[in-house]
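What follows is a short report on a single structure.
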Amino acid sequence: MGRTKSSVNKYFDYCGPSDKSTCKECSKELQGNHASNLKKHLKQHEELYNDFIDNQSQITYKSNKSQVKIDALLRSSYEVKVNITPKKVIDACVEFVTVNGRPYSILNDSGFKKILNPMLSGFKNKIVLNSTSIRRHVHEECIVLKKQISIEIQNKLMQLLG
Ligand SMILES: [Zn+2]
């Protein structure tokens with residue numbers, strides 16, 4: 001968080017070595033440069049104090065404005081082009097329930113679907129992603145893996161026997 005320089009400090013001259021702030025209006029010396037102390041003193045100079053308060057509210061107004069910008073940004077609709085294959089999406093879902101250990105039911109969650117559906121419609125809805133289909137993919141990958149392992153073992157055995 002960056003501190004704005006248009007703070008109460010601008011009405012005082014601060015001297016570091018003596019740790020004293022001098023009021024530019026009445027030359028009164030104050031210990032330190034704590035904003036709360038300076039503000040308290042500034043109240044005695046009504047005009048300056050009002051000026052200070054006005055500036056403060058402008059700063060708040062500015063940050064409100066940037067909040068509005070973010071809101072607008074979040075609301076605006078984008079056409080997002082992503083380069084992704086159905087296989088990558090399926091693999092990601094498989095990883096979700098295997099490597100990441102998330103329950104299959106997450107794949108049926110409304111929030112998850114909201115993220116996924118635009119992508120699936122991009123695939124012309126040719127693939128179905130839910131707990132059942134991913135469970136099947138995990139099962140298929142298991143079978144492929146089992147086959148690979150058994151082939152490897154067979155080869156090793158052949159080598160040993162040969
Ligand atoms: Zn003063």
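Values in this text are rule-based calculations from the coordinates and carry no lab data. Since we're looking at a predicted model, the values are computed, not measured. Heads up, the Cβs are rebuilt from the backbone with ideal geometry, glycines too, and the neighbour counts pull from every protein chain shown.
Of the GluC sites (Glu not before Pro) in the stretch 37-86, the ones in a loop by DSSP (not H, G, I, E or B) with at most 10 other beta carbons within 10 Å are E79.
Could you give the length gained on full extension between S66 and K114, defined as 0.36 nm per residue of separation minus the Cα-Cα distance, in nm? Display every interim value, and only then the final one.
Numbers: separation 48, 0.36 × 48 = 17.28 nm, distance 2.75 nm.
This chain segment gains 14.5 nm when fully extended.
Who wins for biggest fluctuation among I151, I115, I84 in a Gaussian network model of the chain, springs between alpha carbons below 10 Å? Highest fluctuation among the options: I151.
With Rh defined as the Kirkwood radius, the inverse of the mean 1/r over Cα pairs, the Rg/Rh of the chain is 1.44.
In loop segments of the stretch 6-86 as defined by DSSP, the trypsin sites (Lys or Arg not before Pro) with at most 15 further C-beta atoms inside 10 Å of their C-beta are K24, K28, K43, K81.
Within the stretch 1-104, report the chymotrypsin sites (Phe, Trp or Tyr not before Pro) that DSSP leaves as loop and that have at most 15 other Cβ atoms within 10 Å. Intermediate values should be presented prior to the final figure.
Numbers: sites: Y11, F12, Y14, Y49, F52, Y61, Y78, F96, Y104; in loops: Y78.
Answer in residue order: Y78.
Computed across the stretch 45-108, the Kirkwood radius stands at 16.8 Å (inverse of mean 1/r, all Cα pairs). Which Cα, out of P86, V99, G16, lies furthest along the positive dipole direction of the chain (beta carbon charges, K/R +1, D/E -1)? Of P86, V99, G16, it is P86.
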